[in-house]
Amino acid sequence: MNKKIKNIFIISFFLVFMSLIINYYFSEKNVLKVNKLRSSYEYEHAIKNKDLPILKNDTSDIFINKNDLEEFKSKRKKRFWEKLISRENE
């Protein structure tokens, strides 16, 4: 009996807690607060980044494209089972 009462109390406490949290999270007061904070952060970010210099793009032609996979395949010794399942033998 005590176990049932204890379980009912825990479940009811959990449900009340979750309902209060959900009620506060979706309240108009909280939504206004969140929107106000987001807009203030955006404003501060715009002010801080206004005087940043724009750097020249110097990343053209810095990558060297190599065909390492084909090179690896040609150097690697073929195993017996690979010869059995490959279509080159057909």
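A short reminder: the numbers here are calculations on the coordinates, not readings from a lab. These numbers were taken from a predicted model, which means no experiment stands behind them. A quick note on method: Cβ atoms are made from the backbone with ideal geometry, for glycine too, and the neighbour counts reach across all protein chains shown.
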Distance in nm between pseudo-label sites at residue 54 and residue 80 (7 Å out along the Cβ direction from Cα)
6.6 nm
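Please list the three semi-axes, largest first and in whole Å, of the ellipsoid equivalent to the stretch 1-53, using sqrt of 5 times the eigenvalues of its alpha carbon gyration tensor.
Calculated on Cα positions only, the semi-axes equal 46, 12, 4 Å.
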Along the dipole axis of the stretch 21-90 (charges at Cβ: +1 for Lys and Arg, -1 for Asp and Glu; origin at the Cα centre), the most positive-end residue among 37, 63, 81 is 81
Straight-line reach from residue 73: which lysines fall under 21 Å, measuring Cα to Cα and dropping same-chain residues less than 8 apart?
83
CD proxy, 222 nm, the chain: helix-only mean residue ellipticity via -39,500 (n - 2.57) per DSSP H run with n ≥ 4, per residue, nearest 500, stands at -21500 deg cm²/dmol
The chain: angle of helix 2-25 to the longest principal axis, Cα-based, in degrees nearest 10:
80 degrees
What does the charge dipole of the stretch 1-53 about its Cα centre add up to, to the nearest 20 debye, if the Cβ of each Lys and Arg holds +1 and the Cβ of each Asp and Glu holds -1?
380 debye
